Amino acid sequence: MAKVDDLGLSPEARWYLKDRGYALPDCPPRIMTPDPGATRGTKFDPDRVDRVLAVFNALTHTQGRLAGQPLRLDPWQVAYLIIPVFGWVKKNEFGEFVRVIRNLYIDVPRKQGKSTLAGGIALYMAFADGDLGAQVVTAATTERQAGFVFNPIKMLAEKSPMLRDRVKTHQKRIIMPSTGSYVEVIASAADAQHGLNLSCAVVDELHVHKTGDLLHTLETGTGSRTQPLIAIITTADSGRRETIYDQKRTYVEQLARGAFKDESTYGVVWAADPLADPFIESTWKSANPGYGVSPTAGYLKSAAIKAKNSPAELAEFQRLHLGLRTKQETKYIDMGVWDRNSSLVSEIELQGRECFGGLDLASTSDLNALCWLFPSETGFDAIWRLWTPESNLVNLDKRTAGAATVWVREGFLTLTPGNVSDYDYIRAQINRDREKFDVRGIAYDPWNAQQLTNDLMGDNAPMVKTRQGLVTLAAPTKELQRLLLEGTEARPMLRHGGNPAVRWQADNFTVAIDAAGNVKPDKGNAADKIDAIAALVNALSLVLGTEAKKVSKYETEDLAVI
(Lines give C-alpha, C1' and ligand atoms only; values in the text may rest on other atoms or scores of the structure.)
Protein backbone atom coordinates (compact mmCIF):
# COMPACT_ATOMS: atom_id res chain seq x y z
CA MET A 1 0.00 0.00 0.00
CA ALA A 2 1.48 3.33 -1.02
CA LYS A 3 1.89 6.06 1.57
CA VAL A 4 1.87 9.78 0.86
CA ASP A 5 4.19 12.50 2.12
CA ASP A 6 3.52 16.05 3.25
CA LEU A 7 3.02 17.10 -0.38
CA GLY A 8 0.34 14.44 -0.80
CA LEU A 9 2.62 12.45 -3.13
CA SER A 10 3.06 8.69 -3.06
CA PRO A 11 6.56 7.18 -3.31
CA GLU A 12 5.69 6.16 -6.87
CA ALA A 13 4.81 9.74 -7.81
CA ARG A 14 8.03 11.05 -6.28
CA TRP A 15 10.04 8.42 -8.14
CA TYR A 16 8.36 9.20 -11.44
CA LEU A 17 8.93 12.94 -11.15
CA LYS A 18 12.61 12.46 -10.33
CA ASP A 19 13.17 9.78 -12.97
CA ARG A 20 11.52 11.83 -15.73
CA GLY A 21 13.23 15.07 -14.80
CA TYR A 22 10.37 16.97 -13.18
CA ALA A 23 10.90 19.16 -10.14
CA LEU A 24 8.81 18.55 -7.05
CA PRO A 25 5.76 20.83 -6.93
CA ASP A 26 5.68 23.41 -4.15
CA CYS A 27 1.92 24.07 -3.96
CA PRO A 28 -0.05 21.01 -2.83
CA PRO A 29 -3.85 21.06 -3.00
CA ARG A 30 -5.62 22.31 0.10
CA ILE A 31 -8.12 19.45 -0.29
CA MET A 32 -7.12 16.11 -1.81
CA THR A 33 -8.81 12.72 -1.85
CA PRO A 34 -6.70 9.64 -1.04
CA ASP A 35 -4.04 8.70 -3.56
CA PRO A 36 -5.22 5.78 -5.75
CA GLY A 37 -2.19 3.82 -4.62
CA ALA A 38 -3.84 3.34 -1.24
CA THR A 39 -6.48 1.13 -2.89
CA ARG A 40 -5.94 -2.58 -2.48
CA GLY A 41 -4.94 -4.46 -5.63
CA THR A 42 -3.66 -1.43 -7.53
CA LYS A 43 -0.30 -1.05 -9.21
CA PHE A 44 1.53 1.91 -10.73
CA ASP A 45 2.17 1.78 -14.48
CA PRO A 46 4.64 4.53 -15.49
CA ASP A 47 4.30 3.66 -19.19
CA ARG A 48 0.70 4.86 -19.12
CA VAL A 49 1.78 8.20 -17.70
CA ASP A 50 4.50 8.42 -20.35
CA ARG A 51 1.91 7.87 -23.07
CA VAL A 52 -0.33 10.67 -21.84
CA LEU A 53 2.56 13.11 -21.49
CA ALA A 54 3.79 12.16 -24.98
CA VAL A 55 0.45 13.28 -26.38
CA PHE A 56 0.63 16.57 -24.51
CA ASN A 57 4.19 17.12 -25.71
CA ALA A 58 3.08 16.50 -29.30
CA LEU A 59 0.58 19.35 -28.97
CA THR A 60 1.66 22.97 -29.21
CA HIS A 61 0.60 26.15 -27.47
CA THR A 62 -1.75 28.12 -29.68
CA GLN A 63 -1.76 31.55 -28.04
CA GLY A 64 0.47 34.09 -26.30
CA ARG A 65 4.24 34.13 -25.91
CA LEU A 66 4.45 30.31 -25.92
CA ALA A 67 2.52 29.90 -29.20
CA GLY A 68 4.09 27.19 -31.35
CA GLN A 69 6.11 25.65 -28.54
CA PRO A 70 5.51 22.09 -27.30
CA LEU A 71 2.87 21.80 -24.61
CA ARG A 72 4.93 20.61 -21.62
CA LEU A 73 2.87 20.30 -18.47
CA ASP A 74 4.05 21.90 -15.23
CA PRO A 75 5.26 19.64 -12.38
CA TRP A 76 2.11 20.27 -10.32
CA GLN A 77 -0.09 19.13 -13.21
CA VAL A 78 1.94 15.96 -13.68
CA ALA A 79 2.18 15.22 -9.96
CA TYR A 80 -1.40 15.86 -8.87
CA LEU A 81 -3.39 15.17 -12.02
CA ILE A 82 -1.73 13.00 -14.66
CA ILE A 83 0.11 10.53 -12.38
CA PRO A 84 -2.83 9.73 -10.05
CA VAL A 85 -5.48 9.56 -12.77
CA PHE A 86 -3.61 7.74 -15.53
CA GLY A 87 -0.85 5.88 -13.68
CA TRP A 88 -2.78 3.73 -11.20
CA VAL A 89 -4.47 0.59 -12.53
CA LYS A 90 -6.04 -2.61 -11.27
CA LYS A 91 -7.57 -5.72 -12.81
CA ASN A 92 -11.25 -5.68 -13.74
CA GLU A 93 -13.60 -8.65 -13.75
CA PHE A 94 -12.15 -9.79 -17.10
CA GLY A 95 -8.56 -9.80 -15.82
CA GLU A 96 -7.62 -6.64 -17.73
CA PHE A 97 -5.68 -3.81 -16.13
CA VAL A 98 -7.81 -0.68 -16.25
CA ARG A 99 -7.58 2.74 -14.60
CA VAL A 100 -8.74 3.02 -11.01
CA ILE A 101 -10.04 6.57 -11.44
CA ARG A 102 -13.29 7.06 -13.33
CA ASN A 103 -14.28 10.46 -11.91
CA LEU A 104 -11.86 13.38 -11.77
CA TYR A 105 -12.64 16.66 -10.00
CA ILE A 106 -10.25 19.61 -10.38
CA ASP A 107 -11.11 22.84 -8.55
CA VAL A 108 -8.49 25.52 -9.14
CA PRO A 109 -8.41 29.32 -9.47
CA ARG A 110 -8.34 31.02 -12.84
CA LYS A 111 -5.34 31.36 -15.13
CA GLN A 112 -3.92 27.90 -14.37
CA GLY A 113 -4.20 26.61 -17.94
CA LYS A 114 -7.52 24.80 -17.45
CA SER A 115 -8.50 25.06 -21.13
CA THR A 116 -5.22 23.57 -22.29
CA LEU A 117 -5.40 20.80 -19.71
CA ALA A 118 -8.99 19.99 -20.66
CA GLY A 119 -8.08 19.97 -24.34
CA GLY A 120 -5.14 17.64 -23.86
CA ILE A 121 -7.21 15.18 -21.82
CA ALA A 122 -10.01 15.21 -24.39
CA LEU A 123 -7.66 14.62 -27.33
CA TYR A 124 -5.76 11.87 -25.52
CA MET A 125 -8.95 10.05 -24.54
CA ALA A 126 -10.32 10.29 -28.08
CA PHE A 127 -7.29 9.45 -30.17
CA ALA A 128 -4.56 7.83 -28.06
CA ASP A 129 -6.15 5.80 -25.25
CA GLY A 130 -6.54 2.74 -27.46
CA ASP A 131 -10.34 2.79 -27.38
CA LEU A 132 -11.55 2.33 -30.97
CA GLY A 133 -14.65 4.32 -31.78
CA ALA A 134 -14.02 6.52 -28.78
CA GLN A 135 -16.70 9.10 -28.02
CA VAL A 136 -15.49 12.14 -26.12
CA VAL A 137 -17.64 15.15 -25.34
CA THR A 138 -16.88 18.51 -23.81
CA ALA A 139 -19.86 19.90 -21.95
CA ALA A 140 -20.96 23.50 -21.47
CA THR A 141 -24.26 25.07 -20.48
CA THR A 142 -24.76 27.54 -23.35
CA GLU A 143 -23.76 27.72 -27.00
CA ARG A 144 -21.49 30.67 -26.16
CA GLN A 145 -19.70 28.81 -23.40
CA ALA A 146 -19.50 25.76 -25.65
CA GLY A 147 -17.42 27.83 -28.06
CA PHE A 148 -15.04 28.82 -25.27
CA VAL A 149 -14.62 25.16 -24.37
CA PHE A 150 -14.37 23.62 -27.82
CA ASN A 151 -12.42 26.21 -29.84
CA PRO A 152 -9.16 25.77 -27.88
CA ILE A 153 -9.39 21.99 -28.37
CA LYS A 154 -10.04 22.46 -32.07
CA MET A 155 -7.02 24.76 -32.35
CA LEU A 156 -4.83 22.25 -30.51
CA ALA A 157 -5.80 19.56 -33.01
CA GLU A 158 -5.30 21.78 -36.05
CA LYS A 159 -1.88 23.03 -34.91
CA SER A 160 -0.52 19.66 -33.78
CA PRO A 161 1.88 18.01 -36.27
CA MET A 162 0.74 14.63 -34.87
CA LEU A 163 -2.98 15.21 -35.39
CA ARG A 164 -3.64 17.77 -38.12
CA ASP A 165 -3.20 15.28 -40.99
CA ARG A 166 -5.13 12.50 -39.22
CA VAL A 167 -8.26 14.30 -38.09
CA LYS A 168 -10.94 16.41 -39.67
CA THR A 169 -12.24 19.41 -37.76
CA HIS A 170 -15.75 20.79 -38.01
CA GLN A 171 -17.63 23.51 -36.17
CA LYS A 172 -18.60 21.25 -33.26
CA ARG A 173 -16.69 18.03 -33.86
CA ILE A 174 -13.18 16.65 -34.42
CA ILE A 175 -13.15 13.23 -36.15
CA MET A 176 -10.43 10.64 -36.83
CA PRO A 177 -11.82 8.72 -39.82
CA SER A 178 -9.42 5.78 -39.43
CA THR A 179 -10.83 4.83 -36.01
CA GLY A 180 -14.25 6.46 -35.99
CA SER A 181 -13.30 8.29 -32.81
CA TYR A 182 -14.34 11.88 -32.19
CA VAL A 183 -14.46 14.84 -29.84
CA GLU A 184 -17.73 16.76 -29.79
CA VAL A 185 -19.12 19.72 -27.87
CA ILE A 186 -22.59 19.66 -26.34
CA ALA A 187 -24.52 22.32 -24.45
CA SER A 188 -27.59 20.60 -23.02
CA ALA A 189 -28.83 17.36 -21.55
CA ALA A 190 -31.00 16.88 -24.64
CA ASP A 191 -27.87 16.90 -26.84
CA ALA A 192 -26.36 14.20 -24.65
CA GLN A 193 -29.28 11.78 -24.71
CA HIS A 194 -29.00 10.40 -28.20
CA GLY A 195 -27.15 7.10 -28.16
CA LEU A 196 -24.08 8.15 -26.22
CA ASN A 197 -21.51 5.48 -25.41
CA LEU A 198 -18.97 7.76 -23.82
CA SER A 199 -15.28 7.14 -23.34
CA CYS A 200 -14.80 10.51 -21.72
CA ALA A 201 -16.64 13.71 -20.82
CA VAL A 202 -14.87 16.93 -19.92
CA VAL A 203 -17.17 19.26 -17.97
CA ASP A 204 -16.19 22.92 -17.91
CA GLU A 205 -16.89 25.38 -15.05
CA LEU A 206 -19.35 23.28 -13.08
CA HIS A 207 -20.31 26.24 -10.91
CA VAL A 208 -22.30 27.82 -13.79
CA HIS A 209 -24.43 24.70 -14.33
CA LYS A 210 -27.88 25.58 -12.98
CA THR A 211 -28.96 21.94 -12.71
CA GLY A 212 -27.26 18.58 -12.66
CA ASP A 213 -29.20 17.23 -15.63
CA LEU A 214 -26.36 17.45 -18.15
CA LEU A 215 -23.73 15.95 -15.86
CA HIS A 216 -26.03 13.15 -14.71
CA THR A 217 -26.80 12.28 -18.33
CA LEU A 218 -23.09 12.10 -19.13
CA GLU A 219 -22.35 9.97 -16.08
CA THR A 220 -24.93 7.39 -17.13
CA GLY A 221 -23.54 7.27 -20.67
CA THR A 222 -20.27 5.51 -19.83
CA GLY A 223 -21.55 2.12 -18.73
CA SER A 224 -20.18 -0.03 -21.55
CA ARG A 225 -16.62 1.37 -21.68
CA THR A 226 -13.87 -0.46 -19.80
CA GLN A 227 -12.14 2.63 -18.36
CA PRO A 228 -14.20 5.77 -18.99
CA LEU A 229 -13.38 9.14 -17.45
CA ILE A 230 -15.61 12.00 -16.33
CA ALA A 231 -13.36 15.04 -15.80
CA ILE A 232 -14.74 18.15 -14.10
CA ILE A 233 -12.48 21.20 -14.28
CA THR A 234 -13.88 24.24 -12.51
CA THR A 235 -13.30 27.30 -10.38
CA ALA A 236 -15.03 27.83 -7.02
CA ASP A 237 -18.61 29.03 -6.74
CA SER A 238 -20.09 31.67 -4.45
CA GLY A 239 -21.14 29.20 -1.78
CA ARG A 240 -24.67 28.43 -2.95
CA ARG A 241 -26.21 25.25 -1.53
CA GLU A 242 -28.19 22.52 -3.27
CA THR A 243 -26.43 23.01 -6.62
CA ILE A 244 -24.63 20.40 -8.69
CA TYR A 245 -21.36 22.16 -7.92
CA ASP A 246 -22.10 22.06 -4.21
CA GLN A 247 -22.92 18.34 -4.38
CA LYS A 248 -19.69 17.43 -6.18
CA ARG A 249 -17.46 19.74 -4.13
CA THR A 250 -18.98 18.52 -0.84
CA TYR A 251 -18.54 14.89 -1.88
CA VAL A 252 -14.85 15.47 -2.62
CA GLU A 253 -14.40 17.19 0.74
CA GLN A 254 -16.09 14.27 2.49
CA LEU A 255 -13.84 11.77 0.71
CA ALA A 256 -10.79 13.82 1.65
CA ARG A 257 -11.87 13.79 5.31
CA GLY A 258 -12.47 10.07 5.26
CA ALA A 259 -16.24 10.26 5.75
CA PHE A 260 -16.63 7.82 2.86
CA LYS A 261 -14.48 5.70 0.57
CA ASP A 262 -14.86 5.76 -3.20
CA GLU A 263 -11.83 4.46 -5.05
CA SER A 264 -13.19 5.56 -8.44
CA THR A 265 -13.29 9.27 -7.54
CA TYR A 266 -10.25 11.51 -7.27
CA GLY A 267 -10.49 15.19 -6.46
CA VAL A 268 -8.16 18.09 -5.77
CA VAL A 269 -9.02 21.61 -4.64
CA TRP A 270 -6.54 24.48 -4.58
CA ALA A 271 -7.59 27.29 -2.28
CA ALA A 272 -6.11 29.71 0.24
CA ASP A 273 -6.65 29.49 3.97
CA PRO A 274 -9.92 31.41 4.52
CA LEU A 275 -8.29 33.23 7.45
CA ALA A 276 -5.15 34.25 5.55
CA ASP A 277 -4.49 37.83 4.47
CA PRO A 278 -5.81 37.94 0.87
CA PHE A 279 -3.45 40.77 -0.11
CA ILE A 280 -0.04 39.18 0.48
CA GLU A 281 2.01 37.09 -1.90
CA SER A 282 2.25 33.99 0.30
CA THR A 283 -1.55 33.68 0.21
CA TRP A 284 -1.59 33.97 -3.57
CA LYS A 285 1.10 31.29 -3.87
CA SER A 286 -0.81 28.89 -1.60
CA ALA A 287 -3.87 28.92 -3.84
CA ASN A 288 -2.30 29.13 -7.31
CA PRO A 289 -0.12 26.15 -8.23
CA GLY A 290 0.95 27.86 -11.47
CA TYR A 291 1.94 31.08 -9.69
CA GLY A 292 4.73 32.96 -11.42
CA VAL A 293 4.03 31.40 -14.81
CA SER A 294 0.27 31.49 -15.11
CA PRO A 295 -0.95 33.53 -13.39
CA THR A 296 1.99 35.91 -13.24
CA ALA A 297 2.91 37.68 -10.04
CA GLY A 298 2.14 41.02 -11.68
CA TYR A 299 -1.33 39.93 -12.72
CA LEU A 300 -2.32 38.80 -9.22
CA LYS A 301 -0.80 41.87 -7.61
CA SER A 302 -2.89 44.11 -9.87
CA ALA A 303 -6.05 42.09 -9.16
CA ALA A 304 -5.37 42.23 -5.41
CA ILE A 305 -4.96 46.03 -5.47
CA LYS A 306 -8.33 46.39 -7.18
CA ALA A 307 -9.94 44.07 -4.63
CA LYS A 308 -8.41 45.99 -1.74
CA ASN A 309 -9.68 49.28 -3.06
CA SER A 310 -13.15 47.99 -3.91
CA PRO A 311 -15.13 45.84 -1.46
CA ALA A 312 -17.42 44.93 -4.35
CA GLU A 313 -14.49 43.20 -6.08
CA LEU A 314 -13.06 41.49 -3.00
CA ALA A 315 -15.46 38.53 -3.08
CA GLU A 316 -14.73 37.94 -6.77
CA PHE A 317 -10.98 38.10 -6.13
CA GLN A 318 -11.30 35.57 -3.31
CA ARG A 319 -13.41 33.24 -5.43
CA LEU A 320 -11.63 33.48 -8.78
CA HIS A 321 -8.03 33.83 -7.60
CA LEU A 322 -7.94 32.34 -4.09
CA GLY A 323 -10.40 29.47 -4.67
CA LEU A 324 -12.67 30.45 -1.77
CA ARG A 325 -16.40 29.83 -1.72
CA THR A 326 -17.12 33.36 -0.62
CA LYS A 327 -20.56 32.79 0.93
CA GLN A 328 -20.06 29.37 2.42
CA GLU A 329 -22.06 28.89 5.58
CA THR A 330 -20.42 28.11 8.88
CA LYS A 331 -19.40 24.51 9.45
CA TYR A 332 -19.94 23.92 13.16
CA ILE A 333 -18.58 20.49 14.03
CA ASP A 334 -14.97 19.50 13.47
CA MET A 335 -14.98 15.80 12.62
CA GLY A 336 -11.77 15.13 14.51
CA VAL A 337 -13.42 16.55 17.61
CA TRP A 338 -16.56 14.52 16.93
CA ASP A 339 -14.57 11.30 16.53
CA ARG A 340 -12.63 11.69 19.75
CA ASN A 341 -15.95 11.59 21.65
CA SER A 342 -17.03 8.31 20.06
CA SER A 343 -16.81 6.17 23.17
CA LEU A 344 -18.81 2.94 23.20
CA VAL A 345 -22.41 3.22 24.42
CA SER A 346 -24.31 0.19 25.75
CA GLU A 347 -28.11 0.26 25.59
CA ILE A 348 -28.24 -2.58 28.12
CA GLU A 349 -26.34 -0.51 30.68
CA LEU A 350 -28.59 2.48 29.98
CA GLN A 351 -31.80 0.65 30.89
CA GLY A 352 -33.65 2.37 33.72
CA ARG A 353 -31.50 5.50 33.42
CA GLU A 354 -33.02 9.00 33.29
CA CYS A 355 -33.06 10.36 29.74
CA PHE A 356 -34.37 13.17 27.56
CA GLY A 357 -35.57 12.72 23.99
CA GLY A 358 -35.29 14.92 20.94
CA LEU A 359 -37.56 14.18 17.98
CA ASP A 360 -36.91 15.56 14.51
CA LEU A 361 -39.57 14.69 11.95
CA ALA A 362 -38.80 15.55 8.36
CA SER A 363 -41.05 15.42 5.32
CA THR A 364 -43.22 12.36 4.88
CA SER A 365 -40.77 10.73 2.45
CA ASP A 366 -37.43 11.50 4.07
CA LEU A 367 -35.35 10.87 7.20
CA ASN A 368 -36.80 10.96 10.72
CA ALA A 369 -34.67 10.97 13.84
CA LEU A 370 -35.01 10.47 17.59
CA CYS A 371 -32.12 11.04 20.01
CA TRP A 372 -32.14 9.72 23.57
CA LEU A 373 -29.74 11.69 25.78
CA PHE A 374 -28.65 10.26 29.14
CA PRO A 375 -27.03 12.73 31.58
CA SER A 376 -24.33 11.57 33.97
CA GLU A 377 -21.65 13.10 36.16
CA THR A 378 -19.16 12.69 33.33
CA GLY A 379 -21.21 14.14 30.46
CA PHE A 380 -23.82 12.45 28.31
CA ASP A 381 -24.48 9.16 26.53
CA ALA A 382 -26.46 9.43 23.29
CA ILE A 383 -28.27 6.85 21.19
CA TRP A 384 -30.38 7.38 18.09
CA ARG A 385 -33.34 5.85 16.28
CA LEU A 386 -33.32 6.72 12.57
CA TRP A 387 -36.12 5.86 10.14
CA THR A 388 -36.75 6.37 6.46
CA PRO A 389 -39.35 4.91 4.05
CA GLU A 390 -37.98 1.93 2.15
CA SER A 391 -38.58 3.73 -1.16
CA ASN A 392 -36.13 6.45 -0.06
CA LEU A 393 -33.18 4.07 0.36
CA VAL A 394 -32.09 4.40 -3.27
CA ASN A 395 -31.98 8.17 -2.91
CA LEU A 396 -30.01 7.95 0.33
CA ASP A 397 -27.58 5.50 -1.24
CA LYS A 398 -26.89 7.97 -4.03
CA ARG A 399 -26.13 10.69 -1.51
CA THR A 400 -23.95 8.47 0.69
CA ALA A 401 -22.08 6.41 -1.92
CA GLY A 402 -24.04 3.30 -0.92
CA ALA A 403 -23.42 3.69 2.83
CA ALA A 404 -27.15 3.89 3.66
CA THR A 405 -27.68 0.25 2.71
CA VAL A 406 -24.83 -0.71 5.05
CA TRP A 407 -26.43 1.34 7.84
CA VAL A 408 -29.69 -0.58 7.36
CA ARG A 409 -27.87 -3.90 7.42
CA GLU A 410 -25.96 -2.97 10.58
CA GLY A 411 -29.05 -1.65 12.38
CA PHE A 412 -28.24 2.05 12.44
CA LEU A 413 -31.10 2.96 10.08
CA THR A 414 -34.58 1.40 10.06
CA LEU A 415 -36.67 1.16 6.90
CA THR A 416 -40.40 1.65 7.29
CA PRO A 417 -42.78 0.09 4.76
CA GLY A 418 -43.95 2.04 1.72
CA ASN A 419 -43.02 5.39 0.25
CA VAL A 420 -44.05 7.68 3.13
CA SER A 421 -43.02 7.82 6.78
CA ASP A 422 -44.82 5.25 8.89
CA TYR A 423 -45.52 7.23 12.05
CA ASP A 424 -47.25 4.26 13.71
CA TYR A 425 -43.90 2.45 13.43
CA ILE A 426 -42.10 5.39 15.05
CA ARG A 427 -44.75 5.66 17.78
CA ALA A 428 -44.38 1.98 18.64
CA GLN A 429 -40.60 2.27 18.93
CA ILE A 430 -40.86 5.32 21.19
CA ASN A 431 -43.28 3.52 23.48
CA ARG A 432 -41.00 0.46 23.63
CA ASP A 433 -38.12 2.73 24.61
CA ARG A 434 -40.25 4.37 27.30
CA GLU A 435 -40.60 0.96 28.92
CA LYS A 436 -36.79 0.57 29.01
CA PHE A 437 -35.66 4.08 29.93
CA ASP A 438 -36.74 6.66 32.49
CA VAL A 439 -37.94 9.20 29.89
CA ARG A 440 -38.39 12.66 31.44
CA GLY A 441 -39.40 14.49 28.28
CA ILE A 442 -39.43 14.36 24.47
CA ALA A 443 -38.81 17.65 22.66
CA TYR A 444 -40.55 18.06 19.33
CA ASP A 445 -41.22 20.74 16.73
CA PRO A 446 -44.97 21.51 16.89
CA TRP A 447 -45.05 22.24 13.15
CA ASN A 448 -44.34 18.66 12.08
CA ALA A 449 -46.40 15.45 12.33
CA GLN A 450 -49.02 16.79 14.71
CA GLN A 451 -50.99 13.53 14.56
CA LEU A 452 -48.00 11.52 15.78
CA THR A 453 -47.37 13.85 18.70
CA ASN A 454 -51.07 13.84 19.59
CA ASP A 455 -51.05 10.03 19.57
CA LEU A 456 -47.97 9.97 21.82
CA MET A 457 -49.63 12.39 24.21
CA GLY A 458 -52.57 10.01 24.27
CA ASP A 459 -50.08 7.33 25.29
CA ASN A 460 -49.04 9.60 28.19
CA ALA A 461 -45.64 10.28 26.64
CA PRO A 462 -44.10 13.47 28.13
CA MET A 463 -44.10 15.53 24.93
CA VAL A 464 -42.60 19.05 25.10
CA LYS A 465 -43.15 21.65 22.37
CA THR A 466 -39.80 23.03 21.28
CA ARG A 467 -39.86 25.98 18.90
CA GLN A 468 -37.08 25.88 16.31
CA GLY A 469 -36.03 29.53 16.57
CA LEU A 470 -32.81 31.14 17.76
CA VAL A 471 -34.23 31.94 21.20
CA THR A 472 -34.87 28.27 21.96
CA LEU A 473 -32.01 26.57 20.13
CA ALA A 474 -29.05 28.95 20.60
CA ALA A 475 -28.10 27.65 24.05
CA PRO A 476 -28.30 23.90 23.27
CA THR A 477 -26.48 24.36 19.94
CA LYS A 478 -23.61 26.13 21.72
CA GLU A 479 -23.70 23.50 24.46
CA LEU A 480 -23.30 20.78 21.84
CA GLN A 481 -20.11 22.40 20.58
CA ARG A 482 -18.81 22.99 24.12
CA LEU A 483 -19.29 19.35 25.08
CA LEU A 484 -17.50 18.10 21.98
CA LEU A 485 -14.59 20.53 22.36
CA GLU A 486 -14.08 19.74 26.05
CA GLY A 487 -14.28 16.01 25.45
CA THR A 488 -11.13 13.97 24.91
CA GLU A 489 -10.51 10.37 23.89
CA ALA A 490 -9.72 9.57 27.51
CA ARG A 491 -12.67 11.56 28.87
CA PRO A 492 -15.36 12.08 26.21
CA MET A 493 -18.15 14.45 27.21
CA LEU A 494 -20.71 13.43 24.57
CA ARG A 495 -20.40 9.70 24.07
CA HIS A 496 -22.13 8.79 20.81
CA GLY A 497 -20.77 5.34 20.00
CA GLY A 498 -19.39 6.28 16.58
CA ASN A 499 -22.75 5.72 14.88
CA PRO A 500 -21.81 6.08 11.16
CA ALA A 501 -25.24 7.32 10.04
CA VAL A 502 -25.08 10.07 12.65
CA ARG A 503 -21.45 10.84 11.78
CA TRP A 504 -22.49 11.54 8.19
CA GLN A 505 -25.06 14.03 9.44
CA ALA A 506 -22.59 15.62 11.88
CA ASP A 507 -20.28 16.17 8.91
CA ASN A 508 -23.14 17.91 7.08
CA PHE A 509 -24.09 20.09 10.04
CA THR A 510 -24.07 23.87 9.63
CA VAL A 511 -25.63 26.65 11.66
CA ALA A 512 -27.41 29.93 11.04
CA ILE A 513 -25.91 32.87 12.93
CA ASP A 514 -27.58 36.18 13.74
CA ALA A 515 -25.91 39.53 14.38
CA ALA A 516 -25.70 38.84 18.11
CA GLY A 517 -23.82 35.57 17.58
CA ASN A 518 -26.78 33.30 18.37
CA VAL A 519 -26.76 30.01 16.47
CA LYS A 520 -29.17 27.25 15.55
CA PRO A 521 -29.19 24.26 13.16
CA ASP A 522 -29.52 25.38 9.55
CA LYS A 523 -31.15 22.65 7.46
CA GLY A 524 -31.60 24.89 4.43
CA ASN A 525 -27.88 25.42 3.97
CA ALA A 526 -26.50 22.16 5.32
CA ALA A 527 -24.49 19.96 2.97
CA ASP A 528 -27.13 17.22 3.34
CA LYS A 529 -29.31 15.69 6.06
CA ILE A 530 -28.71 16.82 9.67
CA ASP A 531 -31.86 15.41 11.33
CA ALA A 532 -29.95 13.27 13.85
CA ILE A 533 -27.96 16.28 15.09
CA ALA A 534 -31.09 18.46 15.14
CA ALA A 535 -32.73 15.79 17.32
CA LEU A 536 -29.70 15.88 19.63
CA VAL A 537 -29.98 19.68 19.94
CA ASN A 538 -33.69 19.32 20.79
CA ALA A 539 -32.84 16.82 23.53
CA LEU A 540 -30.15 19.14 24.89
CA SER A 541 -32.71 21.95 25.06
CA LEU A 542 -34.74 19.87 27.52
CA VAL A 543 -31.68 19.11 29.63
CA LEU A 544 -30.71 22.78 29.82
CA GLY A 545 -34.29 23.75 30.60
CA THR A 546 -34.42 21.25 33.43
CA GLU A 547 -31.12 22.50 34.86
CA ALA A 548 -32.34 26.09 34.63
CA LYS A 549 -35.46 25.21 36.62
CA LYS A 550 -33.30 23.60 39.32
CA VAL A 551 -31.19 26.75 39.52
CA SER A 552 -34.19 29.09 39.55
CA LYS A 553 -35.72 27.13 42.43
CA TYR A 554 -32.80 27.98 44.67
CA GLU A 555 -32.66 31.52 43.38
CA THR A 556 -36.34 32.23 44.07
CA GLU A 557 -37.04 30.29 47.31
CA ASP A 558 -36.01 31.57 50.72
CA LEU A 559 -33.11 29.70 52.29
CA ALA A 560 -33.17 28.83 55.98
CA VAL A 561 -29.77 29.11 57.61
CA ILE A 562 -29.52 27.03 60.78
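Some values worked out for this structure:
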| item | result |
| --- | --- |
| Size of charge dipole - segment 249-351 - debye, nearest 20, with Cβ of Lys, Arg +1 and Asp, Glu -1, no other charges | 560 debye |
| Kirkwood-Stokes translational diffusion coefficient of segment 1-141, alpha-carbon pairs, 20 °C, 1.002 mPa s, µm²/s | 133 µm²/s |
| Computed FRET value (nearest 0.05) for W447 with N419, which takes r as the C-beta separation and R₀ as 25 Å | 0.65 |
| S181 long-range amide H proximity, modeled H, under 5 Å | G133, A134, M176 |
| The chain, relative contact order in percent, only Cα pairs under 8 angstrom and at least six apart counted | 13 percent |
| Built amide H within the under 5 Å cut-off of V203, gap 5+ | A139, A231, I232, I233 |
| Top positive-direction residue, dipole computed over segment 389-463 with Cβ charges, set Y425, G458, S391 | S391 |
| Dimensionless Rg ratio for the chain, taking C-alpha atoms and the 2.2 N^0.38 Å reference | 1.12 |
| E354 long-range amide H proximity, modeled H, under 5 Å | D438 |
| Selected from A534, N151, T220, residue furthest toward positive end of dipole (the chain; charges at beta carbon) | N151 |
| Gyration tensor (alpha-carbon) shape descriptor, segment 356-415, a/c threshold 1.5 | prolate |
| Whole-Å distance, taken between Cα centres, linking segment 450-479 and segment 418-449 | 11 Å |
| Spin-label model distance (nm) - V293 vs H170, 7 Å beyond Cα toward Cβ | 3.6 nm |
| Cα principal axis extents for segment 115-156, largest first, Å | 32, 17, 13 |
| Accessible area (Å², per residue) of the chain, counting only protein heavy atoms and a probe of 1.4 Å | 46 Å² |
| E349 paired with A315, simple spin-label distance in nm, labels 7 Å along Cα-to-beta-carbon | 5.0 nm |
| Rounded to the nearest 10 Å², the accessible area of T141 at probe 1.4 Å | 50 Å² |
| Dipole magnitude (debye, nearest 20) for the chain, charges at Cβ of Lys, Arg, Asp, Glu | 1840 debye |
| Lys, Arg +1 and Asp, Glu -1 on Cβ, resulting dipole of segment 357-494 about Cα centre, debye, nearest 20 | 220 debye |
| Karplus-derived 3J(HN,Hα), 6.51/-1.76/1.60, for each residue of segment 169-186, Hz, glycine and proline x | 9, 10, 4, 10, 8, 10, 10, 10, x, 5, 10, x, 7, 7, 10, 9, 9, 10 |
| Using a Förster distance of 25 Å, the FRET efficiency for K306-A23 (Cβ separation, nearest 0.05) | 0.20 |
| Where a label projected 7 Å from the Cα of Q429 along Cα→Cβ would reach, residues of segment 519-539 with amide N under 20 Å | 529-539 |
| Segment 56-142: chymotrypsin sites (Phe, Trp or Tyr not before Pro) falling in loop per DSSP and having at most 12 other Cβ within 10 Å | F94 |
| Spacing of the two label points (7 Å from each Cα toward its C-beta) at K285 and M335, in nm | 3.0 nm |
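The values are calculated or read from the model by the stated rules, or taken from the named source; none is laboratory data. Every value quoted in this text rests on a predicted model; they were computed, and no experiment measured them. Reconstructed Cβ throughout: ideal geometry from the backbone, glycine too, with neighbour counts over all protein chains shown. Keep in mind that these areas ignore ligands, DNA and RNA; they rest on the heavy atoms of the full protein, side chains included. Shrake-Rupley method; radii C 1.70, N 1.55, O 1.52, S 1.80 Å.
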